[in-house]
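Note sheet for the following structure.
The values are calculated or read from the model by the stated rules, or taken from the named source; none is laboratory data. Bear in mind the structure is a predicted one, so any value in this text is a computation, not a measurement. Note that each Cβ is placed from the backbone with ideal geometry, even for glycine, and that neighbours are counted across all protein chains shown.
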Amino acid sequence: MSTLMSGNEAFARGAWEAGVKVAAGYPGTPSTEILENLSKYDDLYCEWAPNEKVAFEVSAGACLTGVRTLTTMKHVGLNVAADPLMTLAYTGVAGGFVAIVADDPGMHSSQNEQDTRQYAHFARIPVLEPSDSQEAKDFLKEGYEISEKYLTPVIVRSTTRVAHSLSLVETSNRKPSSVAEFKKDPQRFVPIPAWARAMRVKVEKRYHELTAAANKSPLNRIEWADKKLGIVACGIAYQYVKEVWPEASVLKLGWAYPFPDELIKEFAAGVEELLVVEELDPFIEEHLKVMGIACHGRDVVPGIGELSPTALMASRAKLEGRPFELPQPVPESKDLPTRPPVLCSGCPHRGIFYSLAQLDVIVTGDIGCYSLGVMKPLGSLDTILCMGGGITMAHGMDKAGEKRPVVGVVGDSTFFHSGITGLLDISYNRGKSTIIVLDNRTTAMTGHQDNPGTGKTLMGESTVAVAIDEVAKACGIKRIVTVNPYELENVQKVLREEIAANEPSLIISKAPCLLLSKQRMAEPFMIDEDICVNCGTCLGLGCPAIEARGDKPTINTLSCTGCSMCEQICPTQAISQMNRK
């Protein structure tokens, strides 16, 4: 039966059909929907782990009992999970183990671009690259066969376009899951140096076996056509190549690493000119050149950002030595309103960032929707590095002797992900930073997934709701204050007091994301034009419901959530609720 599926839906279906027993991950666009869809199937266990390292290790532990397991994350998540990845490559697996890692060319929702294939090269393990939803399902199943045959972890590399594009998928039945039974074998699973040295030799032997298998794998194929130009492509780039160069011969690499050298040599020998089309790093191109094969690649194909048929049309023109004019975009209507990225109307984070903007402090931020606190008019964030960095960078600035007070900001999910160790570091090493946890009761930026503080699991089960204040106490933090971020006067009072304290403190801003309830907090507000003096104070909130139209600002009552922050800061009391008498 054919069903229209996104790549992420197809990945989930492939895991279910392959008989996966345990799946763990951490939400991160563009990978999030894989586990969300997989959790809807029966006969398996799924979880959101506190971070990607934990997810990887949960799946690794499960696979050593002989069952098939899956872990999912985005590209930067693999940085967090790199430690167990490298060692699992040494110990090997028992049941099949696949990690789906979703890269984000073009940085649609990420702080950097990374090419996950480099990790596969680093660990000397296979990486498969599907180019559509059907392959997403099929390659995942093939990944388990490879994993179990060669006792190796396998990476399936996805990208934003593969993850979210839809195509028809032929589905089939589920393979029965294995029964979990761990078989004691310390020399295989305990990489102390004496045994790890032997494991290293096995890794190299396995690498050569995988290389031989890649040459024969149906995941790699030559599509002979006009032999004047041959193109090596993988992943979504293959689809673009077929559109832009329909007449060319193509070597499609679905099993992208280890490289199928014999197949590459055969293809290169059969064409007059060779081009490599791949997203991000010149991973394949550099290998071909090391092999002594002349080819075009980065000299005509961009290596920054996401590829597209239009981008490759320009590459084709460059390769052929002719000019190319990019299609002109449709002109914008002059009366269209601008849509800058801003926090939602009524967002609880707004009260914190507005209050921080009133103080002379440095604010180290973090990864989440609260990253938008950097945008004007709030303009409250000074740095962003990585998950958990909001806490640890604040501590680093403090210890460097920075004269201005430093405030670190993280979200609740980020706190559980990698913030706790940073808070422990501040306490243990006698720091004095002020840390704010923006607890909006969800993992908001990636679509409202649960986390250890919400009291619900991915499977919908009720569970313990971990209290952030209790964790902070256990870390040794003595000054802990919980605030309602909508009460601006109290928020500013608490901020001044905690920043002035000569010891570390934790402020918990606790209020749920309004997109969860999808309801107003109260009746919308309005601005009385007769009282308003057009001072612009309310516009300083950066609330999208407050619009600067005409001579004086107005409130869009359809967007207003009734949070009352604008009323609190209006110096002339020109703002009130519509139904207030």
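Miscellaneous remarks
- For segment 393-410, a residue qualifies if it is within 18 Å of residue 496 (Cβ to Cβ) and either assigned to a loop (DSSP other than H, G, I, E, B) or outside the structural domain of residue 431 (by TED's automatic domain parsing) (or both), and the qualifying residues are 403, 404, 405.
- Residue among 538, 543 that is in contact with a strand residue (DSSP E or B) (Cβ under 8 Å, 6 or more places away or on another chain), outside the structural domain of residue 494 (by TED's automatic domain parsing) and surrounded by 13 or more Cβ atoms within 10 Å (Cβ to Cβ): 538
- Scan of segment 61-77 for residues that are free of Cβ contacts under 8 Å to residues at least 60 places away in the same chain and surrounded by fewer than 23 Cβ atoms within 10 Å (Cβ to Cβ), ordered by number: 61
Listed here are the residues, each with its yes/no results for (1) in contact (Cβ under 8 Å) with a residue 40 or more places away in the chain; (2) closer than 16 Å to residue 156 by Cα; (3) of a type outside the set (Phe, Trp, Tyr).
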| residue | (1), (2), (3) |
| --- | --- |
| 18 | yes, yes, yes |
| 21 | yes, no, yes |
| 24 | yes, yes, yes |
| 48 | yes, no, no |
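- Scanning segment 157-201 for residues that are hydroxyl-bearing (Ser, Thr, Tyr) and more than 29 Å from residue 123 (Cα to Cα) gives 165, 167, 171, 172.
- Evaluation of residue 330 against (1) within 27 Å of residue 205 (Cα to Cα); (2) part of a loop (DSSP other than H, G, I, E, B) (one fails), failing number: (1)
- Residue within segment 31-46 that is assigned by TED's automatic domain parsing to the domain that holds residue 173, among the hydrophobic types (A, V, I, L, M, F, W, C) and assigned to a strand (DSSP E or B) present: yes
- Contact map, segment 458-471: first residue among the β-branched types (Val, Ile, Thr), second residue surrounded by 14 or more Cβ atoms within 10 Å (Cβ to Cβ) and in a loop (DSSP other than H, G, I, E, B), Cβ cut-off under 6 Å, separation 6 or more or different chains; pairs are 463/457; 466/452; 466/453.
- Among the residues of segment 550-578, the ones that are exposed (fewer than 13 other Cβ atoms within 10 Å of the Cβ) and among the hydrophobic types (A, V, I, L, M, F, W, C) come to 2 in all.
- Residue in segment 491-505 that is in the same structural domain as residue 393 (by TED's automatic domain parsing) and closer than 18 Å to residue 563 by Cβ present: yes
- Within segment 407-438, the residues that satisfy the criterion of being β-branched (Val, Ile, Thr) and either touching a Phe, Trp or Tyr at 6+ places or on another chain (Cβ under 8 Å) or surrounded by fewer than 24 Cβ atoms within 10 Å (Cβ to Cβ) (or both) are 409, 420, 421, 437.
- Test: residue in segment 186-207 that is over 25 Å from residue 158 (Cβ atoms), in contact with a strand residue (DSSP E or B) (Cβ under 9 Å, 6 or more places away or on another chain) and hydrophobic (A, V, I, L, M, F, W, C): no
- Those residues of segment 551-570 which are at negative phi, outside any helix (DSSP H, G or I) and not charged (D, E, K, R), in sequence order: 553, 554, 555, 556, 557, 558, 559, 560, 561, 563, 570
- The residue that is modelled with the lowest pLDDT, among those in segment 498-550 that are of a type in the set (S, T, N, Q) and not in a loop (DSSP other than H, G, I, E, B), is 517.
- Checked against the criterion of being of a type in the set (A, V, I, L, M) and without any contact (Cβ under 8 Å) to a residue 24 or more places away in the chain, the candidates 533, 494 yield just one match: 494.
- Single residue of 252, 242, 265 found to be closer than 28 Å to residue 163 by Cα, in a helix (DSSP H, G or I) and among the basic types (Lys, Arg): 242
- Selected residue [at pLDDT below 95 and of a type in the set (D, E, K, R)] from 170, 181, 145, 129: 181
- Condition check for residue 73: in contact with a helix residue (DSSP H, G or I) (Cβ under 8 Å, 6 or more places away or on another chain), part of a helix (DSSP H, G or I) and not assigned by TED's automatic domain parsing to the domain that holds residue 304: no
- Scope segment 229-249; condition over 20 Å from residue 104 (Cα atoms), out of contact with any Ser or Thr (no Cβ under 6 Å at 6 or more places or on another chain) and crowded, with 24+ Cβ neighbours inside 10 Å; matching residues: 231, 232
- For segment 71-98, the set of residues classified as in contact with a strand residue (DSSP E or B) (Cβ under 9 Å, 6 or more places away or on another chain) and charged (D, E, K, R) consists of 74 only.
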